[in-house]
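First comes the structure, then the notes that go with it.
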Amino acid sequence: MKILNLILTFLPIISTYYLFAAMLNTAFSQEHFQLSLPAGAKSRIGKGEIHQLKYFPNSKRIAVATSIGIWVYDIKTGDALDLLTGHTSPVKSMAFSPDGETIVTGSENGTIILWETNSGKHKATLKGHKDHVETVVFSPSGKMLASCNVSSKVFIWDLTSGEVKHTIQSDAYTIFAVVFSPDEKVLKTIGDWGDNEFYIEYWDVQTGESIKDVLLDDEDYTVASLSPDGKTLACAGDSPLQFWNIETTEQLSIDTESEGQFDYLEFSTDGSHLVAADAWDNLSLWQVSPMQHLKNLAHGEDYNSIAYAPDGKTVASGNNKGSVKIWDVTTGELTQTISGHPSKQMHTAAFSTDSSTVTIGTKSELQIWNWQSGELDKTIPEPRCDVYSVAYSQDKNFIATGGSSKKARIWYAHTGRFLGSFVGHKDNIYAVDFSPDGRLLATGGGQKRPRPELKNGSNRDNSVCLWDIRKGELYLIGERLAAFTEHTDWINAVAFSPDGKTLASGSQDKTIQLWDVKSFKHLRTLAGHEDGVNAIAFSPDGKTLASGSTDGTILLWDYNIGELIIPPIAVTGQVTSLRYSPDGSFLACSTYSDHVVHVLDAKTGEKLHAYTGHTGRINAVVFSPDGKTLASVSNDCTVLMWDIQNIIPKMRNTYNGN
């Protein structure tokens, strides 16, 4: 009885503790959706594609260079601790200074940033490269930095002044490794010169002049890594894994038993061990001297980066499925998995009609997110298909998709259950849209690259199709009601007017076509753009049709008479997406040439606001039906949710001249 009383006494306390712990863990696990958001954003979906991994000097944290910045994770818990943003393009390379107090990162647009290791504070930005910075290396004293881009141009930086000491142009097609000599007088670059020639180039650090070139081997290597002391080189390619003494240029050992073709190599800090990832999806551990394969840590993953912890206890691997995994070197066991970094470009998105979820179209799948909580509700596989277009039915029960499968498909939104395909297109489907009453589906597409069997692009499928949806029946897939063939090139966009009476389509043939939905009669052609029409949108009141083009303009049409309402609106480049806000006050658009979401006055075309924060091209913009949120879908593998409500008063004041 006493035991029972004790249980009853402490049970509420225990329950409360575990409930609090669960809530705390859940809240923390979702914090990454809020980390380092750009101004005006309230949430983020996706963490960006993994490009490189580096352990912090204490081996307790790991830095993950991605397409949107540098994520910092706790190795033990897997929690996201920070996101360093400042680069405006994907981060390709990283290195820690010898004293461990600075981390340097190089990006795709050529910029280099130095950060304080512990605080993540921005210290300096180095500009000079015009191309991807693939390698960054500190000198032993930490006073100089060598950086190399994809064009094999090497900069030697004086970090005290932030100036370039010398610019070196290597003869290598690809530079795999760069290292300073211990006395910092010589810089060595190691790379492939082509024609099965693998050279070490020696450069005078004080003058930038070439000292000599030494042929290391007459093999075609595709990957190489230097030991931290700069003395041992590991390299592989079509040839087996092997180790070389860089000081004497002698081959130390070679493995003739492995199946070959390694993609990534990384030494332990003391140079005694090596972790390797190969084309056969093996992650393996090697002893350097004497050379010996010790164990396979994993198999079956498409690796894109690896790292060895400074304390030698763990190794990390990144894969294209979006996970960073931590492995115990001694036991070979997986100790931690950090997810959320899939290498999937996001093509399109659509909000449910109640604004609660957003569905994203990517390569081979649909992702349905509760974006306010940051939770992925469900993933719907679309095998062997890039999903280019997504639409919700007005009753939010159904999702339509179009893509490279050449089929439009219908899914039950609540469960993700596949309901059927509309078959008839011969080429990719780039656009789908439900009629307002949900009884029709419009699809459009074509082939952007002529198929070899078609001469001069003839007989390409540039049709807009109208399909019957059997409302209230078990089987929703109905017949094709019409195929409109007025376009002469592929279709990028289709849209129903708000009253459902008119269907519009925009095409690469520079025109917009309009049809009567009831009679299937062609109404008119709108011709005004000088290049392909990539996006169209009806105003909510149904009076205006907006179109965006590769020619860098947005046109506002009175589509009932086929005339422009105002002169063309010039934007910053090729329009990739265009949407009206639900109240019709604003137009949001994205362009090919920048990573910015532009908000315009829907009547005058005046530029009212610009959202910046993406590091890749924006493929789609879409307003939530409640008008509170604007989503932007980017090639940087993320979707940003922008808080429209906070800027609406400001935009209206700007428009009114206040």
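The values are calculated or read from the model by the stated rules, or taken from the named source; none is laboratory data. Here the structure is a predicted model, which means the values were calculated and not measured. Positions of Cβ are generated from backbone atoms using ideal geometry, with glycine treated the same way; all protein chains shown enter the neighbour counts. Side chains are part of the model used for accessible areas, which takes the heavy atoms of the whole protein and leaves out ligands, DNA and RNA. Shrake-Rupley method; radii C 1.70, N 1.55, O 1.52, S 1.80 Å.
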Completion exercise
Within the under-11-Å Cβ sphere about Ile618, not counting Ile618, Lys/Arg +1 and Asp/Glu -1 give a net charge of -1
Handout entry: Formal net charge of residues neighbouring Tyr303 (Cβ-Cβ distance under 12 Å; K, R +1; D, E -1)
Key = -4
Handout entry: Solvent-accessible area, 1.4 Å probe, carbon plus sulfur percent, for the chain
Key = 48
Problem - Percent RCO, i.e. relative contact order, over the chain, from Cα pairs under 8 Å lying at least 6 residues apart - result: 8
Exercise for the section: Hey, can you find the accessible area per residue of the chain for me, probe 1.4 Å, expressed in square angstrom? Expected result: 43
Fill in the blank from the handout: Restricting to aspartates and glutamates and to Cα separations under 19 Å from Lys518, and discarding same-chain partners fewer than 8 apart, the set is Asp433, Asp437, Asp468, Glu479, Glu486, Asp499
Practice task
Can you tell me how much longer the chain between Tyr475 and Asp218 gets when fully stretched, taken as 0.36 nm per residue apart minus their C-alpha distance, in nm with one decimal?
Solution key: 86.1 nm
Handout entry: the range 377-507 - percent relative contact order, Cα under 8 Å, separation 6 or more
Key = 19
Handout entry: Percent of Cα-Cα distances greater than 35 Å, calculated over the chain
Key = 50
Exercise for the section: Treat each spin label as a single point 7 Å out from the Cα along the C-beta direction, and report the Asp171 to Ser323 distance in nm. Expected result: 4.6
Handout entry: Net charge of Cβ neighbours under 11 Å - reference Ser141; Lys, Arg +1; Asp, Glu -1
Key = -2
